[in-house]
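Novice: Handing you a structure now.
Nothing in this text is a laboratory measurement; each read-out follows from the coordinates by a stated rule. What you see is a predicted model; the values in this text were computed from it and never measured. Note: ideal-geometry Cβ built from the backbone for every residue, glycine included; neighbour counts use all protein chains shown.
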Amino acid sequence: MATSRPAIEAIKFVAPKHSIMIRTDSQYVSDAINKGTVVKSNSDLWAEFDAVRKSRRLKVVWVKGHAGDEFNETADRLAAEQAALAKANLLRPAA
């Protein structure tokens, strides 16, 4: 469900009653939202997702990962950069 946290945070930035399109390479997230796939884990995150999406018009589009989609590639790059920063901070000796 780690892939749904970014979707939740993105939705929070959109004012209620407005539209948002989420492009994701996660079939898990896409299917859960678009097809109503039963989600058995991370019910707390799905409950939060349902709460933030209720007042917005939401469209979720699945894109194939690592296939040259400009926005997906940018998201992957940014995620990798932030993961590297977090790892560096964890490995830094305590002062």
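Novice: Within region 1-64, which trypsin sites (Lys or Arg not before Pro) sit in a loop by DSSP and count at most 10 neighbouring Cβ atoms inside 10 Å?
Specialist: Details: sites: LYS12, LYS17, ARG23, LYS35, LYS40, ARG53, LYS54, ARG56, ARG57, LYS59, LYS64; in loops: LYS17, LYS35, LYS40, LYS54, ARG56, LYS64.
In loop regions of region 1-64 (DSSP not H, G, I, E or B), the sparsely surrounded trypsin sites (Lys or Arg not before Pro) are LYS17, LYS35, LYS40, LYS54, LYS64.
Novice: Rg and Dmax of region 4-91, using alpha carbons, in Å: what are they?
Specialist: 14.3, 43
Novice: From the residues THR24, VAL14, TRP62, which one has its Cα farthest along the dipole of the chain in the positive direction, the dipole being from +1 and -1 charges on Cβ of Lys/Arg and Asp/Glu about the Cα centre?
Specialist: The residue sitting most towards the positive pole is VAL14.
Novice: To continue, here is another question. Going by Cα centres, region 67-95 and region 1-34 are how many Å apart?
Specialist: Taking the Cα centre of each part, region 67-95 and region 1-34 sit 20 Å apart.
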